[in-house]
Amino acid sequence: MARSRRRCAGAAAMSFVQSAPELGNQYRDDRVLRSYLARTLPAALRETIEPDLELLGQHAADAWNERTHRPRSEPVFTPWDAWGNRVDRIALTPAWQEGPGIATRHGLIAAGHDEATGEHARVHQFALVYLYHVASEFYTCPLAMTDGAATALKASGNAALIARAVPRFLSRDAATFWLSGQWMTETAGGSDVGRSETEARRGADGQWRLYGRKWFTSAVVGEAALTLARPEGVGSGGSALAMFYLETHDAEGRWQGVRIDRLKDKLGTRELPTAEIHLDGALATPVGELRNGVRMIAPVLNITRLWNAVCSLATMRRCLALARDYAHRRSAFGRTLLEQPLHVDTLAGMQAEFEAAFHLSFHVAELLGRAQAGVASAGERALLRLLTPLAKLWTGKLAVKIASETLEAFGGMGYLEDTGLPQLLRDAQVYPIWEGTTNVLALDALRVLEGGGLAPWRHALDALLDATGADHAAIRADADAAEAWLRGCADDRLALEAGARGLALTLTRCFAAALLARHAAWALSVQADRRPHAALQRFLAHGLQHLRRHDIDDAATLANDFHP
Ligand code: MFK
């Protein structure tokens, strides 16, 4: 890879031209991923999947290195044809057209449900997701929902729908592969889904048809969708909603009861055709009972939240790879950026946060794989339920921070659209919003703690630290503080809710630190690699504790400060 500064040949006054950052194979170059897989996967499985990981790692590099030679494109929506027929056609970008081929060839969804790899299925799958995500231009978004739909249908026990849809969702052949949407968000309910207004009516023919408006349907190009609707005549609230399965086209390939109103004009993820749609008599099948739809769709939420965490990691890793490469190439004040202590210190801080986030997110994938394979203990299942929203809320925010810092590491060039760098930041901003905002997820974590307490989290944390053979008193002290905070707020609902984000971050960072400590001990003894240990020291120095208990009245006064 050329790392030299270049001069503009033939120019009258020879002026300096900075070489652009380039990526190498994103699997081979990823010490964190490779070291993690070496610890967690059986050697035979790792050797089997490695060629595939290398291919996706090369695809990631090629997609970035060639991107400057290709014009950027966005999906184009055509509601009517020239003759006045309603067609609702969406022309996709080249990366999205390649999506089904890549997703099925590498088994992006199938790998996560592969019984042959047992409890390791999800780690294998999320390694693929992590390598593919940025190059996919968020084709991973509908893949996440399809994975969620397969998981929710399997959990529903509806044999007919499982037989019809799941093999298509898990297909390894683009010709038979189906994408599924999760059409949940409405104008009244992005977070408060219980306010959904879409109505389900049963006709004289016994068929259910849906009527309503869905406000953020990112997988509108899919062949199927899981959605929520309120059966006619039932009451209000989330428990009165039912979960329905529908197919978007009829046997002749025409939209069935679905009208696309327009594509969203979004800050980022612009290659992803997120649509507003109307359901106007769309034929649909209840997946299970005609109520408790929110509970029934929850498996989709949990799966897509883990995808969100891993995609956030992928963005962080991409940012770091670019910033590191550039630091070799770029000189200022007579030294490369990599010889400048403050720049090095800044990159090291980003790397430490990323490494901790990596181990947390992939640990959630491990737990999911164990739960799915039926080998997880009750404690592990409880931990999975808690760590899923925690991993999502932390990594979403962190990706924005690291993307922002990365743009700064490029100086003014980081602010220029045609470097491709601003897109990383704009795209990253979706992570804290999509599939539940930070606050909704912090409250979800609170709901879990109210059900099962902190014991599963604390036992697992202590077990991880005990296994390192070191004391790690600082991590345990912050864990003690979190437990004390929770006990102290037990009778104060307002304080509990107001402090839920601080509690969530503290639980997350303590657990991520314990996971990083476990990996650092392993890497030191097995690979003689000190880098995870250095990452841990830095991560601890950034601080684990975010517990807050502010005066609620003061908070209300400040938040409502509309008048001079
Ligand atoms: C990548 C490209 C993106 C493109 C742009 C996208 C921009 C943004 C577009 C969006 O709109 S994304 C938003 C997606 N929406 C969400 O993620 C929903 C966020 N809201 C929540 O997660 C709320 O917490 C929730 C809707 C679940 C609350 O609803 P309710 O009706 O108040 O539910 P409730 O009563 O708390 O829970 C109902 C049942 O579900 C309970 O079980 P029981 O009936 O047995 O008591 C809960 O325990 C269960 N439940 C809720 N969340 C769960 C869960 N179970 C397991 N896991 C969960 N996560």
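Below are the figures for this structure:
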read-out: Pair list, Cβ < 6 Å and 6+ apart or interchain, from region 90-110 residues that are closer than 16 Å to residue 144 by Cβ to residues that are surrounded by fewer than 18 Cβ atoms within 10 Å (Cβ to Cβ) and at pLDDT 95 or above; value: 100/174; 104/172; 104/173; 104/174; 107/172; 110/172
read-out: Set 310, 300: member being away from the ligand (no atom under 12 Å from the Cβ), surrounded by 16 or more Cβ atoms within 10 Å (Cβ to Cβ), outside the structural domain of residue 59 (by TED's automatic domain parsing) and within 28 Å of the chain's Cα centre (by Cα); value: 310
read-out: Looking only at region 223-236, and only at residues there that are crowded, with 22+ Cβ neighbours inside 10 Å and over 23 Å from the mean Cα position of the chain (by Cα), the one that is nearest to the ligand (Cβ to nearest atom); value: 230
read-out: Filter result for residue 222 (at positive phi and assigned to a loop (DSSP other than H, G, I, E, B)); value: no
read-out: Given (1) under 11 Å from residue 284 (Cβ atoms); (2) within 14 Å of the ligand (Cβ to nearest atom), number of the condition residue 257 does not satisfy; value: (2)
read-out: Test set (1) modelled with pLDDT of 95 or more; (2) loosely packed, with under 15 Cβ neighbours inside 10 Å - residue 239 fails condition number; value: (1)
read-out: Tally of residues being away from the ligand (no atom under 16 Å from the Cβ) and either free of Cβ contacts under 8 Å to residues at least 60 places away in the same chain or more than 28 Å from residue 410 (Cβ to Cβ) (or both) across region 334-389; value: 22
read-out: Residues of region 433-449 that turn out to be without any contact (Cβ under 8 Å) to a residue 60 or more places away in the chain and near the ligand (Cβ under 10 Å from one of its atoms), as a count; value: 4
read-out: Residue that is surrounded by the most Cβ atoms within 10 Å (Cβ to Cβ), among those in region 403-430 that are part of a helix (DSSP H, G or I) and either among the polar types (S, T, N, Q) or not assigned by TED's automatic domain parsing to the domain that holds residue 316 (or both); value: 406
read-out: Selection status of residue 468, more than 14 Å from the ligand (Cβ to nearest atom), of a type in the set (S, T, N, Q) and at pLDDT below 95; value: no
read-out: Region 524-564, residues that are within 26 Å of residue 468 (Cα to Cα) and among the acidic types (Asp, Glu); value: 529
read-out: Flag for residue 194 being at pLDDT below 95, surrounded by 14 or more Cβ atoms within 10 Å (Cβ to Cβ) and either within 11 Å of the ligand (Cβ to nearest atom) or over 20 Å from the mean Cα position of the chain (by Cα) (or both); value: yes
read-out: Among residues of region 197-222, those that are more than 10 Å from the ligand (Cβ to nearest atom) and either of a type in the set (Ser, Thr, Tyr) or within 11 Å of residue 142 (Cα to Cα) (or both), counted; value: 5
read-out: Boolean, residue 224 is small (Gly, Ala, Ser), under 30 Å from residue 99 (Cα atoms) and either touching a Leu at 6+ places or on another chain (Cβ under 9 Å) or not assigned by TED's automatic domain parsing to the domain that holds residue 441 (or both); value: yes
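Yes/no per residue for (1) among the hydrophobic types (A, V, I, L, M, F, W, C); (2) modelled with pLDDT under 95; (3) assigned by TED's automatic domain parsing to the domain that holds residue 123:
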residue	(1), (2), (3)
41	yes, no, yes
44	yes, no, yes
49	yes, no, yes
54	no, no, yes
59	no, no, yes
62	no, no, yes
65	no, yes, yes
68	no, yes, yes
83	yes, no, no
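Each row is one residue, and each column tells you yes or no for (1) within 11 Å of the ligand (Cβ to nearest atom); (2) closer than 20 Å to residue 211 by Cα; (3) touching a helix residue (DSSP H, G or I) at 6+ places or on another chain (Cβ under 8 Å); (4) assigned by TED's automatic domain parsing to the domain that holds residue 161.
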residue	(1), (2), (3), (4)
272	yes, no, yes, no
287	no, yes, yes, no
317	no, no, yes, no
320	no, no, yes, no
327	no, no, yes, no
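The values are calculated or read from the model by the stated rules, or taken from the named source; none is laboratory data. Just so it is clear, the structure is predicted and the values come from calculations on it, not from any experiment. Here the Cβ is made from the backbone with ideal geometry for all residues, glycine too, and neighbour counts use every protein chain on show.
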